[in-house]
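Step one of this worksheet: look at the structure below.
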Amino acid sequence: MAADELVAELRAFVGSEGPVQTARHPVNGPAIADWCDAIGDGNPVYTDEEAAAKSRHGGIVAPPATLDIWDRPGLPAQPRWRPAGLAPAEDPRSHVMRKLEDAGFIGVVAVNSELEIARYLRPGDLLQNKQVLEDVSEEKHTALGVGHFVTTRQRYETVDREHVGDLLFRILKFKPNTGKAAAPAEGDRPAPDPSPSLRPRPGINRDNQALFDGYRLHELRVPQCQGCRRVFFPPAPRCAACGSFEMGYAVASGRGTLHSFTVVHHPQVPGFRYPLVVGLVELEPPDTGGPGGSAVRIVADLVGVRPDQVEVGMPLEVDWLDSHPAQVDGATDSRGPITVPQFRPATPRRREDTVVASALRDGERLPLWTLPLSPTHIVAGALATRDFQDVHHDRDLAHQKGSQDIFLNINTSLGYMERYVTDFLGPEAVVSALRVRLGAPAYPYLPLTFTGSVQSVDRETGRVVVGVQASNDLGPHITGTVELELQP
Amino acid sequence: MSRHTYARQAAIVGIGATEFSKNSGRSELQLALEACAAACADAGVEPSQVNGLSTFTMETNPENEIMRGLGISELTHFSRIHFGGGAPCATVQYAAMAVTTGVADYVLCYRAFNERSGRRFGTGVQDRPAGATAEEAQFAWTSPHGLLTPASWVAMFATRMMHEYGVSSEDFGRVAVADRKHAATNPAAHFYGQPITLEDHQASRWIVEPLHLLDCCQESDGGQAILVTTAERARDLVQPAVLIEAAAQGMADDQQMMRSFFRDSLVGLPEMGTCARQIWETSGLSPADVKTAVLYDHFTPFVLAQLEEFGFCQPGEAKDFIADGGIELGGRLPVNTHGGQLGEAYIHGMNGIAEGVRQVRGTSVNQVAGAEHVLVTGGTGVPTSALMLGVDR
């Protein structure tokens, strides 16, 4: 079928409405709690009956980013799981997507998502929605491949017809491997293999082995004299202060601040990704049970932070990297690879009271938040948002569909974004809209770093708009805004 | 107050070098012998009269091969200094100690390598086997995290200088501009006739932020030798004696090899402070007596720190001291009039000693009037050394 014929056929559906889709289960506490676990959202208005009762909500509410998860049909709607005899979904988007898949556009990514919240959901609300197909684009040449954008709008109501919110959603259906591969700049050498096992190996000996053994246990050990309890770095067999040869270690908290840093561009060697940010980290002093000694610093590479985001003095927390085949005093160590510390920006603290709008400054920056994204984060997020699309949990099928790995689903990205902003503003900041444009996929092992700033504050009404971006090594993953209401 | 007893009792009587290049086309041993022979010829001393040698532990040309090549029948002193580029001025100090104590009569200090066409220091330590001796294990705290090159080690200090003292990349660039200005008029310099502007510096690519390419010294092939004897013998030789007015080595305060990241402050060079104290005490001089200096410049930031450690300005004020051509010819203290290691060549600081000798003799291509006392320093960020050279009167 020619491309224009396909477009004409698909566009015949624009404006059509799907059937009313009704949730199988009402909004409920256990599902909210699972969502909060997956997102790591500690806001008590979602899970703590007592705190929620005292809040402006008067009781438990569901996180606003969950608006569109409750009436999802779940696993049985996935093609391979559909029971015999159950007809495929009849909504216009599903219809258009099947047509596109038949024409070879088997890849799918979400492009835009805009959630508008009319009121927060409460346990017991039984939701339904009706979908309208707003648009199907011409064939477009995108970075991912040749494809079509499909835009729908969904109106969410309770079964009693109370309007609770809307979702505008745009996806790209594309043909895998038809994208415009970025041409390497002239003179660029291929980047070296970044596998951590290729990093230069540390010389481990009797004087420093206890530290590396601790790293393997994810203990950030600091040498400590057993005579005078002084901590110091690097390790030495004799205490310069008291003369003792009895050496042990204290365990540092893993928190620290950045004392200095460099960004390595040249030369580039295997085991690292460039440009490489390397920090000199001043550790929070461990509890020594005695005098502390001077501040202890260690060198470690920084993850989840771009060179332009690094600042002397920034708070950091330890991360761990399984790195090298181990050798101790030159002999092979049979315990498997050693581990070395890395640091990422410290996770911002969740605010326990709620800021008032008049206390915010236009342009005020939110602290960096770096999320070390694992496959578990991605799968837990997909399931907690009742999204059973295989690309969010099945690596083999994700590969088949042209993706290098499973990737974060849009609802989880929105959940993180909402958490990031409400952790900053406080538990009773009321979200009225979440609008994002999606970019680079969020794959596991690429730390996802959130930045944000207050874009506007209306001190009369308390309406606040916060701009947020979450990026990884591939570029911006989501870029968008959270609209909220605060006490003026 | 302590005074080194060999002060003004020993002198440099000859200097000799090969050409400085990117590809010498001959062995490192040949470069060393050419430089040594040239230093003897400069002094009017027969190579066979030399009975002492002093060099770096990093030197690949052993004393016995130098001895064979120069036709020396007997050596009574041979010493080596550790810690890379920190060694140059210490080779001269050891030579001075040897000749003034009667251990040797003529001592050649030498350094020669194919550091560009052979093993390049700029590639760093990533391919070194991870031995576990106390010395090798020091790399365990940096190499697994990607700090593998001298540039990356110095950059960590430079960021902190910028943070604490408000130094800018342009301030570092002013050091490079001064060096290249001086190299431009020195026919022996690799960058003869090639001055740069601050804009060139700023536009040069990053090596390790905050260091641009033009903050980093060259990689060079070449050799340099310095001949030392007693002041008394010196007065009978062809060149005017250049007295060793003071010489010093220094390590200080939680010293590491170019990675002293764990001491309280990262903005000074306490090991150079140790040298400075000895140099001023032994020579009886003060910064006001010094009209030109050769300050080790493998990377620009530490030139600023040296000006502060020697008291040419207060801590944190070097950026003002070097402003407006302060360390260029005609400025308040012309530094590295041969072009330094950024402009002339990187011969591990030994070529800087030769320039100090030329300034005292009055034969530099960029001669500073009244240069009666010339300060020369060794490598920075490492255990190091320094010299004060002066006229014999």
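The values are calculated or read from the model by the stated rules, or taken from the named source; none is laboratory data. These numbers come from a predicted model, not from an experiment. Don't worry about glycine lacking a Cβ; one is built from the backbone with ideal geometry, like all the others, and counts go over all protein chains shown.
Structure values in brief
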quantity: Tabulated pairs, the range A:323-352, first on the phi > 0 side of the Ramachandran plot, second at pLDDT 75 or above and assigned to a loop (DSSP other than H, G, I, E, B), C-beta under 6 angstrom, 6+ apart or interchain; calculated: A:329/A:205; A:329/B:132; A:330/B:132
quantity: Of all residues in the range A:262-289 being in contact with a Lys or Arg (Cβ under 9 Å, 6 or more places away or on another chain) and part of a strand (DSSP E or B), the one that is surrounded by the fewest Cβ atoms within 10 Å (Cβ to Cβ); calculated: A:282
quantity: Qualifying positions in the range A:259-285 - closer than 27 Å to residue B:265 by Cα, β-branched (Val, Ile, Thr) and facing chain B (nearest Cβ under 8 Å); calculated: A:262, A:263, A:264, A:278
quantity: Qualifying residue in the range A:319-336 (condition: away from chain B (no Cβ under 14 Å) and under 24 Å from the mean Cα position of the chain (by Cα)); calculated: no
quantity: Qualifying residue in the range B:201-210 (condition: within 14 Å of chain A (Cβ to nearest Cβ), over 30 Å from residue B:11 (Cα atoms), out of contact with any helix residue (DSSP H, G or I) (no Cβ under 6 Å at 6 or more places or on another chain) and without any contact (Cβ under 8 Å) to a residue 40 or more places away in the chain); calculated: yes
quantity: Residue selected from the range B:208-253 under the condition more than 20 Å from the chain's Cα centre (by Cα) and among the acidic types (Asp, Glu), by the criterion nearest to residue B:44 (Cα to Cα); calculated: B:236
quantity: Failed condition for residue B:255, given (1) under 30 Å from residue B:119 (Cα atoms); (2) touching a Phe, Trp or Tyr at 6+ places or on another chain (Cβ under 8 Å); (3) within 14 Å of another protein chain (Cβ to nearest Cβ); calculated: (2)
quantity: Some residue of the range B:122-130 being outside any loop (DSSP other than H, G, I, E, B), at pLDDT below 95, closer than 20 Å to residue B:213 by Cα and within 14 Å of another protein chain (Cβ to nearest Cβ); calculated: yes
quantity: Looking only at the range A:294-320, and only at residues there that are surrounded by 21 or more Cβ atoms within 10 Å (Cβ to Cβ) and among the small types (Gly, Ala, Ser), the one that is modelled with the lowest pLDDT; calculated: A:304
quantity: Where a residue in the range A:264-282 is closer than 14 Å to residue B:125 by Cα and its partner, wherever it lies, is modelled with pLDDT under 95 and among the β-branched types (Val, Ile, Thr), with Cβ under 7 Å and at least six apart; calculated: A:267/B:123
quantity: Residue ID - nearest to the other protein chains (Cβ to nearest Cβ), chosen from residues in the range B:258-300 that are acidic (Asp, Glu) and crowded, with 24+ Cβ neighbours inside 10 Å; calculated: B:271
quantity: Residue that is surrounded by the fewest Cβ atoms within 10 Å (Cβ to Cβ), among those in the range A:96-136 that are part of a loop (DSSP other than H, G, I, E, B) and modelled with pLDDT under 95; calculated: A:104
quantity: Considering residues of the range A:190-206 that are surrounded by fewer than 17 Cβ atoms within 10 Å (Cβ to Cβ) and out of contact with any Gly (no Cβ under 9 Å at 6 or more places or on another chain) only, the residue nearest to the other protein chains (Cβ to nearest Cβ); calculated: A:206
quantity: Options A:457, A:465: the member that is under 27 Å from residue A:359 (Cα atoms) and surrounded by 19 or more Cβ atoms within 10 Å (Cβ to Cβ); calculated: A:457
quantity: So residue A:300, is it within 11 Å of another protein chain (Cβ to nearest Cβ), out of contact with any Phe, Trp or Tyr (no Cβ under 7 Å at 6 or more places or on another chain) and over 30 Å from residue A:45 (Cα atoms); calculated: no
quantity: Close pairs (6 angstrom Cβ cut-off, 6 or more residues apart or separate chains): among the β-branched types (Val, Ile, Thr) in the range B:150-179, assigned to a helix (DSSP H, G or I) anywhere; calculated: B:167/B:161; B:167/B:319; B:175/B:303; B:177/B:198
quantity: Elements of type helices (runs of 4 or more DSSP H) in the range B:1-103, at least 1 residues being modelled with pLDDT under 95 and either out of contact with any Ser or Thr (no Cβ under 7 Å at 6 or more places or on another chain) or within 23 Å of residue B:233 (Cα to Cα) (or both); calculated: none
quantity: Single residue of B:341, B:314 found to be free of Cβ contacts under 8 Å to residues at least 24 places away in the same chain and over 23 Å from residue B:370 (Cα atoms); calculated: B:314
quantity: Those strands (runs of 3 or more DSSP E) lying entirely in the range A:356-462 with at least 2 residues of a type in the set (D, E, K, R); calculated: A:430-438
quantity: In the range B:220-243, the residues that are crowded, with 20+ Cβ neighbours inside 10 Å and not in a strand (DSSP E or B); calculated: B:220, B:231, B:234, B:241
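Yes/no per residue for (1) in a helix (DSSP H, G or I); (2) more than 9 Å from chain A (Cβ to nearest Cβ); (3) more than 30 Å from residue B:28 (Cα to Cα):
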{"residue": "B:138", "(1), (2), (3)": "yes, no, no"}
{"residue": "B:147", "(1), (2), (3)": "no, no, no"}
{"residue": "B:151", "(1), (2), (3)": "yes, no, no"}
{"residue": "B:167", "(1), (2), (3)": "no, yes, yes"}
{"residue": "B:179", "(1), (2), (3)": "yes, yes, no"}
{"residue": "B:185", "(1), (2), (3)": "no, yes, no"}
{"residue": "B:188", "(1), (2), (3)": "no, yes, no"}
{"residue": "B:192", "(1), (2), (3)": "no, yes, no"}
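Rundown of residues vs (1) more than 24 Å from residue A:172 (Cβ to Cβ); (2) at pLDDT 90 or above; (3) loosely packed, with under 12 Cβ neighbours inside 10 Å, yes/no style:
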site: A:3; (1), (2), (3): no, no, no
site: A:23; (1), (2), (3): yes, yes, no
site: A:52; (1), (2), (3): yes, yes, no
site: A:56; (1), (2), (3): yes, yes, no
site: A:69; (1), (2), (3): no, yes, no
site: A:78; (1), (2), (3): no, no, no
site: A:83; (1), (2), (3): yes, no, yes
site: A:93; (1), (2), (3): no, no, no
